[in-house]
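So the structure is just underneath, and the comments pick up after that.
The values are calculated or read from the model by the stated rules, or taken from the named source; none is laboratory data. All of these numbers come straight from a predicted model, not from anything done at the bench. All Cβ positions, even for glycine, are placed from backbone atoms using ideal geometry, and neighbour counts span all protein chains on display. In case anyone asks, the SASA skips ligands and DNA or RNA and just uses the protein heavy atoms, side chains included. Shrake-Rupley method; radii C 1.70, N 1.55, O 1.52, S 1.80 Å.
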Amino acid sequence: CNILLIQSFKYKIIQKSKLSISMNKGNDKIEKLVLNPIKEISGEITLPGSKSLTNRVLLLSALSEGTTIVRNVLESADTSYMIQALKDLKISVIDDKESKTVTITGVNGPIIQSNTVDLFLGNAGTAMRPLTGVLCAGQGKYILDGTARMRERPIIDLVDGLQQLGVDISCSDTGCPPVVIQANGISGGEAKISGQISSQYLSALLMTGPLANGDITLTITDELMSAPYVLMTINLMKKYGIPNNNIINQNNKIFTTKPSRYISPKEIYIEGDASSASYFLAGAAITGGKVTVYGCGSDSIQGDARFANVLERMGCDVEYTDNSITLSRDINKPLHGIDEDCGDIPDVAMTLAIVGIFAKGQTTIRNVYNWRVKETERMVALVTELTKLGVKVTEGRDYLIVNGLNSNEKLNNNIEIETYDDHRIAMCFALAACGNVSVTILDPKCTSKTFPDYFEKLSLLSK
C-alpha cells in the first residue's frame, strides 16, 4: 500500500511497503499519521548520526585550533540550531547537507564578540547548556533563548555553578531561559552543583574548563544522572587535544579541569545514534523479528547502547560487532518484565516502557525523575498515553511500573497519541502498532528534532 507522508505541507508518496501509513490534516489542522498494525519488524538500518555527539563535536570544533571536517552529521532541528548559533557567533561553518559533512574553522580559544549576540536555540538542550557555559569563558554580551517549552526547562543549576566561578550571568525568575551573559573570562575556582536534573550542566562546565585561566574544581552535591553522557563529553575533549591529566574524574563526584587548548583532530566521524537504535531493536524484541543496526556497536561511547543488554535480559538474543548490534527473539519465547535502574539511560527508558506492554509481568523503570524536565513532562505524557491504550501503570516521583498485557487482554484500537512536541514520545509510541492495533500519531513531524525520516525508516523494516 502507499505510504503518505506530509512534506512541506504537501502530500507526497515516498515509498511502497507492507506497512500502511497515511497522513492527513484534520479539521483542527493538526497533522496525523495513521499506522496500521505491524506484524513484524525485521531488517537492517544504518543509523543517523548521534545528536549528543554531533552538537558536542560542532562546538568543540569551533573552539579548537585548526579546521575540522565533521562527517555523518545528524541533520535535525537541534543540530541546525547549533550550526546557526555558531554562524551567528561569526565562526566559519560550511554545512554540506548532501554529504552530511560540516567543516568548521575554530577560533583557537574562547569566543569574543564586541556586539551583543542574540541566540535562538529552539528546544535544543544540547545547544543551550554547553553554549551557556563556553560563552562565559570569552568576552561579550550574549542572550540565549528558545521556544516556550525551553523557557520551562531548568537551567538554574548551571547558572548557579557559573556564578560561583565569578561569571556575570542570570536567567529568568523561574530558573529557566532566557539566559543573559556578560562575559569577561573565567579565572578558575570551585563550584558545587546538583547532578540530579541534567548531566548537561556538568558537561557544559567541563567543556568550559580548559578555556578558563585557572583550575576549576566541580563537586556533585548529590547523584549524577546520565553519567555516560559526561564520560562521552570527557572522551571527546581528549580527542580534541585535552591531556588526560588536565581533566580528572574522581568517582563521578569531583571533577577538575586545568587550562588547556583544544586542538582539531582534523577529521572526525559521528557514530550512529544509540537512542534512535532503541526503537528498531525494541520493535524486533516485541514482534519476534531480527534487526541489525549499523553505526554503533561494542565500541560505542554512548551509554544508550546498553539498551540492547536490557532487552537481552528480557529474553532476546543479541550479537555485537564493533559497529553493529543485531537483536532477535524466538517468537515462542515470551518477553518477561524487568526491574531496571535507568538513571544512566533515561531517553531509551521511554522505549523500555513500550516494550513492557508486551512482556509478562511488570516492568519497573526506576530513577527517571529527569523525565519530568525534558522536552515535555515525559512521566505525565507516558502515563497519559499508556492509559489511553488500556495499559495499567503506576506512577511514582521517579519511577514508572508498566503492567504487561495478559493473554486475554488487548490494546485499545485506533487511539490518537498526543506527542506534546516531543520527538521521543512520537517514536516510541509508534511501536504500539506492534500490538495488532492501529495507532494515530499526532504531529509526527516533531521527530525532526533528532530523526526527521524516522517513520519512513520504520516503514522499510515493518511487515
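Structure summary
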quantity	calculated
Qualifying strands (runs of 3 or more DSSP E) (wholly inside segment 354-463; at least 1 residues being buried (at least 23 other Cβ atoms within 10 Å of the Cβ))	362-366, 399-403, 415-417, 439-442
Any hit, segment 186-197, residues being open to solvent by less than 10 Å² (accessible area, probe 1.4 Å) and under 20 Å from Gly146 (Cβ atoms)	no
So Thr257, is it closer than 22 Å to Arg313 by Cα and over 18 Å from the mean Cα position of the chain (by Cα)	no
Residue in segment 327-341 that is within 24 Å of Ala227 (Cα to Cα), crowded, with 23+ Cβ neighbours inside 10 Å and touching a residue at least 24 places away in the same chain (Cβ under 8 Å) present	no
Residues (aliphatic (A, V, I, L, M) and either closer than 11 Å to Asp443 by Cα or at pLDDT below 95 (or both)) located in segment 406-426	Ile417, Ile425, Ala426
Any chance Ile263 is open to solvent by 30 Å² or more (accessible area, probe 1.4 Å) and in contact with a Phe, Trp or Tyr (Cβ under 9 Å, 6 or more places away or on another chain)	yes
Residues of segment 271-304 that turn out to be among the aromatic types (Phe, Trp, Tyr) and open to solvent by 20 Å² or more (accessible area, probe 1.4 Å), as a count	1
Long-range neighbours under 6 Å by Cβ, at least six apart or interchain, first residue within 16 Å of Tyr369 (Cβ to Cβ) within segment 147-159, second in a loop (DSSP other than H, G, I, E, B) and of a type in the set (S, T, N, Q)	Asp157/Ser194
Leu382 vs. criteria farther than 18 Å from Gly361 by Cα, modelled with pLDDT of 95 or more and touching a helix residue (DSSP H, G or I) at 6+ places or on another chain (Cβ under 8 Å)	yes
Contacts under 9 angstrom Cβ, first residue in segment 93-114 being buried (at least 16 other Cβ atoms within 10 Å of the Cβ), partner of a type in the set (Lys, Arg) and not in a strand (DSSP E or B), 6 or more apart	Val93/Lys87; Asp95/Lys87; Val107/Lys90; Ile111/Lys90; Gln113/Lys90
Number of positions in segment 44-56 that are under 12 Å from the mean Cα position of the chain (by Cα), within 12 Å of Ala277 (Cα to Cα) and either of a type in the set (Asp, Glu) or part of a helix (DSSP H, G or I) (or both)	0
Complete set of residues in segment 57-73 that are assigned to a strand (DSSP E or B) and under 19 Å from Thr126 (Cα atoms)	Val70, Arg71
First in segment 218-230 and open to solvent by 20 Å² or more (accessible area, probe 1.4 Å), second anywhere and of a type in the set (Gly, Ala, Ser) and in a strand (DSSP E or B), Cβ under 9 Å, 6 or more apart	Thr219/Ala191
